[in-house]
Amino acid sequence: MQEGALPRPSISAEPDTVIPLGSPVTFHCRGPAGVHAFRLERENRSQYRDNYDVSLVSPFLSEATFRIDSVSEDSAGRYHCLYHKASRWSQPSEQLELVVKGTVADTEASGFDLL
């Protein structure tokens, strides 16, 4: 880590990273206290959402949530979080792979388990 670099955030998904088609999922992004905003990005940074509604969950930990009310086939993919603090963006978190069950791609990947 370079001098003065911000610590990397963490990302998790609730209830899980494997979600049935049409079900909700909530991403939790966590970073240090004093975060101004969190950003949830899709792979290759092609799509993102910013959340300025940051909660302080402990004296040292901030969190923001991002909810998808009904996951679709397009919701599947890799996500990561960043945060904005002290006029700069952090490095991205580790990637989280969201799998949507019940899609055509899911059926093809799992073979004939549906029989």
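Summarise the accessible area of the chain (1.4 Å probe, protein heavy atoms) by the percent that is carbon and sulfur.
Numbers: 3540 of 7020 Å².
Roughly 50 percent of what the probe reaches on the chain is carbon or sulfur.
From the phi angles alone, apply the Karplus equation (6.51, -1.76, 1.60; θ = phi - 60°) to segment 89-100 and give each ³J(HN,Hα) in whole Hz, x where the residue is Gly or Pro.
My calculation for segment 89-100 gives 8, 6, 5, x, 5, 4, 7, 10, 9, 9, 10, 9 Hz in order.
Treating the beta-carbon of each Lys and Arg as +1 and of each Asp and Glu as -1, no other charges, what is the dipole magnitude of the chain about its Cα centre, to the nearest 20 debye? Spell out each step's value before the answer.
Numbers: 11 positive and 16 negative charges, 116 e Å.
For this selection, approximately 560 debye.
From the square roots a ≥ b ≥ c of the eigenvalues of the alpha-carbon gyration tensor of segment 57-101, which class results: rounded (a/c under 1.5), prolate (a/b over b/c), or oblate?
Details: a/c = 2.74, a/b = 1.93, b/c = 1.42.
Judged from the Cα gyration tensor, segment 57-101 comes out prolate (a/c at least 1.5, a/b above b/c).
Under the definition of Cα pairs under 8 Å and six or more residues apart, what whole-number percent is the relative contact order of the chain?
Numbers: 245 pairs, mean separation 36.7, N = 115.
Dividing the mean separation by the residue count of the chain yields 32 percent.
For Cα extents along the principal axes in Å, the choices are [x] 42, 29, 21; [y] 43, 41, 26; [z] 54, 26, 20; which was calculated from the structure?
Label of the calculated value: [z].
Please work out the average accessible area per residue across the chain, using the 1.4 Å probe convention, and give it in Å². Write out the running numbers ahead of the final one.
Values: 7020 Å² over 115 residues.
Computed with neighbouring chains in place, this is 61 Å² per residue.
The values are calculated or read from the model by the stated rules, or taken from the named source; none is laboratory data. Just so it is clear, the model here is predicted, and its values are computed rather than measured. Neighbour counts run over all protein chains shown; Cβ positions are idealised from the backbone, glycine included. The protein model used for the area step is the full one, side chains on, heavy atoms only, and it has no ligands, DNA or RNA in it. Shrake-Rupley method; radii C 1.70, N 1.55, O 1.52, S 1.80 Å.
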